[in-house]
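The values are calculated or read from the model by the stated rules, or taken from the named source; none is laboratory data. Given the structure is predicted, the values throughout are model-derived calculations rather than measurements. In this analysis, Cβ positions are derived from the backbone assuming ideal geometry, glycine residues included, and neighbour counts consider all displayed protein chains. Side chains included, ligands, DNA and RNA excluded: accessible areas come from the protein's heavy atoms. Shrake-Rupley method; radii C 1.70, N 1.55, O 1.52, S 1.80 Å.
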Amino acid sequence: KYIYIMDANGERERAVVKSAGSRAWPIWRPDGTQLFFRGDRVAPGGSALWSIGVRDGEAVGEPWIVKDPFTDNTIGMTSSGSLFYTRSAGGMPHQFLIHRNPAQGEAPLAFIGQGASWSPDGRSLAFIKPSATGAPELIVRSVDTGEERSHRHPGLPIVSPRWLHDGSGVIVQINTQVDGRQTSAFHFVDVRTGTFRRL
């Protein structure tokens, strides 16, 4: 699988990682100069955390391994360069929130969902959880109040949403059936209005 990037308006799509093998969970360094992703190891079997430089929307050099092995899913990276990722522990998928320096005995806040990603201002989380009918729905949760807003669209899979740098919305994948075959396309979701727009 290749990794592609495109402008926020859905134009100028181009591949920045073209090597063979599995490539998944790409995230940006906050300043836009680097991509991190999970990919196949050089040695057969398993996966590693890779990175590649990006300048003016084009790849700089070749990808290199940052951590080997790496079997987890990336969430995001802080402005100071700390990488956050998930690690599967089995059971019902939950998200957990706790202060960076918790008070003694402070328990994390837990809520059902998966694939959470932080908004750029750190005040909201976007994640996927099953609705009452079992179909996935996009949830935008306020970190301050705990209020959750639900956004639904046919074909929404359990794939982590990704925020735009200005916090105006998230990018999600939508699956559709065309002539008996499943196809996927990215959609922009305005988190204020809940409208979906295909890119």
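Using label points projected 7 Å from each Cα along Cα→Cβ, tell me how many nm separate Val143 and Val60, to one decimal.
2.8 nm
Within the chain, which is the longest segment containing none of the trypsin sites (Lys or Arg not before Pro) that sit in a DSSP loop and have at most 10 other Cβ atoms within 10 Å?
Here the longest segment lacking exposed loop sites spans 101-191.
Classify the range 128-184: rounded, prolate or oblate, from the alpha-carbon gyration tensor (a ≥ b ≥ c, eigenvalue square roots; a/c under 1.5 rounded; otherwise prolate if a/b is larger than b/c)?
Values: a/c = 3.54, a/b = 1.60, b/c = 2.20.
Judged from the Cα gyration tensor, the range 128-184 comes out oblate (a/c at least 1.5, b/c at or above a/b).
Of Thr176, Thr74, which has the most accessible area and how do the rest follow, probe 1.4 Å? Walk me through the numbers on the way to the answer.
Details: Thr176 60, Thr74 5 Å².
Result, largest first: Thr176, Thr74.
Using Cα positions and a limit of under 27 Å, work out the lysines in reach of Lys129, with same-chain residues fewer than 8 apart set aside.
Qualifying lysines at Cα under 27 Å: Lys1.
How high is the relative contact order of the chain, in percent, counting Cα pairs under 8 Å that sit 6 or more residues apart?
Answer for the chain is 10 percent.
Hull surface divided by four, with the convex hull built on the Cα atoms of the chain: how many nm²?
13.5 nm²
May I ask you to compute the full-extension gain from Phe186 to Ile158, defined as 0.36 nm times their residue separation minus their alpha-carbon distance, rounded to one decimal in nm? Intermediate values should be presented prior to the final figure.
Values: separation 28, 0.36 × 28 = 10.08 nm, distance 1.35 nm.
Working it through step by step, the gained length comes to 8.7 nm.
Could you compute how much accessible surface Ser19 exposes when probed at 1.4 Å, giving the result in Å² to the nearest 10?
50 Å²
Which number do you get for Rg(Cα) / (2.2 N^0.38 Å) in the range 82-199?
1.14
Which values of log₁₀ I(q)/I(0), to two decimal places, follow from the Debye formula for the range 153-199 at q = 0.13, 0.21 Å⁻¹ with a uniform point scatterer at every Cα?
Relative scattering, expressed as log10 I(q)/I(0), comes to -0.30, -0.69.
If you put +1 on each Lys and Arg Cβ and -1 on each Asp and Glu Cβ, how big is the dipole of the chain around its Cα centre, in Debye rounded to 20?
320 debye
Within 10 Å of each candidate Cβ there may be at most 15 other Cβ atoms; applying that plus a DSSP loop requirement, which GluC sites (Glu not before Pro) in the range 1-103 survive?
Qualifying residues, ordered by number: Glu11, Glu13.
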